[in-house]
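Below is one structure, written out as structure tokens, with a few remarks after it.
Coordinate-derived values only; no laboratory data. As the structure is a prediction and not an experimental result, all values here were calculated from the model. Every residue, glycine among them, receives a Cβ derived from its backbone with ideal geometry; neighbour counts consider all protein chains shown.
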Amino acid sequence: MSTEKLYKTTIIIWSDTDPASLELSDLAREAESGDSYCAHQETVLVSDPTADAHPPDLEFFSSAFDEDEDDDEGEEPPSDFPVRVLRAGDEAEDRTTCNTCGRSWDDAVVTGYTPAPSARCPFETYHKDE
Ligand SMILES: [Zn+2]
């Protein structure tokens, strides 16, 4: 996996009562309201987060990106999906295009999904929710 740069924020908050049971948001609010004292806040751009003493779970960031894409684009079929999405100019014996998602496939290739029944699309699972 290639490493992406991430912003790392270090915050030091001093409290005269035990904040262990507080949510991060409550502790931050205490620091802002003056019940606790924020002595240090620093954000740095880290080029290799995995080498940090407190590395993040990079899965967290990659899955967050995936969810964003789903909202905008709908899901893409996985690369091992048995039906191949044809690009413009690809050779195909029976090129068929879905009116809903605009994907094209070769309906002459026999898979578990094709030939597709009339007016059906082998990529229906990956259509956007409407
Ligand atoms: Zn479709």
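Between the helical axis of 58-73 and the longest alpha-carbon principal axis of the chain there is an angle of about 50 degrees.
Sorted from greatest to least, the principal axis extents spanned by the alpha carbons of segment 77-130 come out as 31, 24, 23 Å.
Entry note, the chain: relative contact order of 20 percent, from Cα contacts under 8 Å with a spacing of 6+ residues. All C-alpha pair distances within segment 6-62, sorted into 5 Å bins from zero, spread as 4, 17, 22, 16, 16, 16, 8, 1 percent across the bins. For segment 1-31, backbone nitrogen atoms closer than 14 Å to the point 7 Å from LEU45 Cα along Cα-to-C-beta are found at 4-8. Does anyone have the angle between helix 24-33 and the longest principal axis of the chain? Alpha-carbon axes, 0 to 90°, nearest 10? The helix 24-33 is inclined about 40 degrees to the chain. Across segment 77-130, C-alpha contacts under 8 Å between residues 6 or more apart give a mean separation that, scaled by the residue count, equals a relative contact order of 32 percent.
What does the convex hull of the Cα atoms come to per residue for the chain, in Å³?
Convex hull of Cα atoms, per residue: 195 Å³.
Dividing the mean sequence gap of close Cα pairs (under 8 Å, 6+ apart) by how many residues segment 6-62 holds gives a relative contact order of 46 percent.
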